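Reviewing the structure listed below.
The values are calculated or read from the model by the stated rules, or taken from the named source; none is laboratory data. Owing to the predicted nature of the structure, the values given are computational and were not obtained by experimental measurement. In this analysis, Cβ positions are derived from the backbone assuming ideal geometry, glycine residues included, and neighbour counts consider all displayed protein chains.
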Amino acid sequence: MIVGMLFPTPKLTSQDQIVLDEVDSMREQLRHQIQGVPAKWSGGLRKFLTADAVAASNSIEGFKVSTVDVEDLMAGEQDVDVSDENREETLAYQRMMTYLQTLHDAPDFRFDKGQLNALHWILQGHRHTSRKPAGQWRPGPVYVPDARDPSIAAYTAPDADRVPALADELVDWLNAPDDTHALVRAAMAHLHLVSIHPWCDGNGRMSRSLQTLLIAREGVLAPEFSSIEAWLGRPGNTWEYYQVLSRRGAHYQPDQDVSEWISFNLLAYHQQAQTVRARFERSGRVWQRTAEFTAQAGLDERVISALHDVATSGRVRRSRYGSGEGLSVQQAQRDLKVLTQRGILAPVGRTRARYYIAGDAFPEDVLEQAQIPFSLVDPYRR
């Protein structure tokens, strides 16, 4: 096997190291904070962050589904107003993300080419054709079109006959002991895989997922608290993501300095950590205000989660509320009927497609807390 076909991991600058240390500090603080709150609350935040990552990563590829719709689809809701294509893409990516999350503590874990292809099948199996096979290396060339002019190839991947050897070296690199920080290795894994582009389709999501898997294996935080997929899915960040990748060249050129890619990822980790911290703190304030309201109103404390969902996501469905609280269909319906009769919630739609939004009697202070925006700091521009 030819060696040296992957990008060398660059040394961190002093500024990179400062940013990375701050990311570590925020993640460690968040780990302790999560351990100190009710599992029901932190579990709800985990589901939201997973849905946000799925929605964002799919949006980069042109599949537009809102985070709240992804949450409903993940909960098994059938009557969500999305196209069949977007439903398929969402559920496929959610299944793969769920599997990645379970691998965080898998014993005797090793990367191999079959595993990568199996993950690709989970993601793309519903699109499998003889021309564009899922779960196996591409048989021919693949191009990444320029966002401004699809007739121009922004990137031409290595020839198909080079893919097996490149995949071999990538797997060896993934399994090799390395004292490089896990977040830096995860960023490099993303770059390696997206540059090899070994499949006909789904390479971007596979590369972002590989990064998330390495973060999960690090074991500091559940990957949904550290994945940068939601950050990459914001329009301005998506554009810069493509720009940073495009500056690596129109063809595979691993013999180059990729310090810019590392700094870009460290910025993403830092701002995603800021975002998760802000969401966690805001969610806590909303939960506390909602708990105070339910106590004063003489409501069962289990409805806190339903009101919290309405405040933070804009709506709640009976199925998701019942599932989250472990209620029977009748119990969940009864609770939501009481909240509706008191004007706290207002129903939208009929029968199975019905969901509930804030009614006239919904506590204003809870909505105000949920709608307070937060700002992000660029750690490289302070």
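Here is how the numbers come out for the structure above:
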{"item": "Residue list for the stretch 252-270, restricted to those being assigned to a helix (DSSP H, G or I) and either over 28 Å from A230 (Cβ atoms) or of a type in the set (S, T, Y) (or both)", "result": "S259, S263, Y269"}
{"item": "Of all residues in the stretch 273-308 being surrounded by 18 or more Cβ atoms within 10 Å (Cβ to Cβ) and touching a Ser or Thr at 6+ places or on another chain (Cβ under 7 Å), the one that is nearest to L345 (Cα to Cα)", "result": "L307"}
{"item": "Residue match in the stretch 304-316 (condition: part of a helix (DSSP H, G or I), touching a Phe, Trp or Tyr at 6+ places or on another chain (Cβ under 6 Å) and free of Cβ contacts under 8 Å to residues at least 60 places away in the same chain)", "result": "yes"}
{"item": "Residues (closer than 17 Å to S59 by Cα and charged (D, E, K, R)) located in the stretch 73-94", "result": "D81, D84, E85, R87, E88, E89"}
{"item": "Matching residues, the stretch 144-184, being among the hydroxyl-bearing types (S, T, Y) and either modelled with pLDDT under 95 or assigned to a loop (DSSP other than H, G, I, E, B) (or both)", "result": "S151, T180"}
{"item": "Number of the exception - V19 against (1) assigned to a helix (DSSP H, G or I); (2) within 30 Å of A165 (Cβ to Cβ); (3) not charged (D, E, K, R)", "result": "(2)"}
{"item": "Matching entry among K64, K40 (being surrounded by fewer than 18 Cβ atoms within 10 Å (Cβ to Cβ), of a type outside the set (D, E), over 27 Å from H181 (Cβ atoms) and at pLDDT 90 or above)", "result": "K64"}
{"item": "Pairs with Cβ under 7 Å, 6+ apart, first in the stretch 196-213 and over 15 Å from R127 (Cα atoms), second hydroxyl-bearing (S, T, Y) and crowded, with 22+ Cβ neighbours inside 10 Å", "result": "R208/S57; T212/S227"}
{"item": "Residue count for the stretch 289-302, restricted to those that are among the polar types (S, T, N, Q) and within 18 Å of G314 (Cα to Cα)", "result": "1"}
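Condition check ((1) in contact with a helix residue (DSSP H, G or I) (Cβ under 6 Å, 6 or more places away or on another chain); (2) more than 15 Å from N203 (Cα to Cα)) across all residues:
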{"residue": "D105", "(1), (2)": "no, yes"}
{"residue": "R110", "(1), (2)": "yes, yes"}
{"residue": "G114", "(1), (2)": "no, yes"}
{"residue": "W121", "(1), (2)": "no, no"}
{"residue": "H126", "(1), (2)": "yes, yes"}
{"residue": "T129", "(1), (2)": "no, yes"}
{"residue": "A134", "(1), (2)": "yes, no"}
{"residue": "W137", "(1), (2)": "yes, no"}
{"residue": "P141", "(1), (2)": "no, no"}
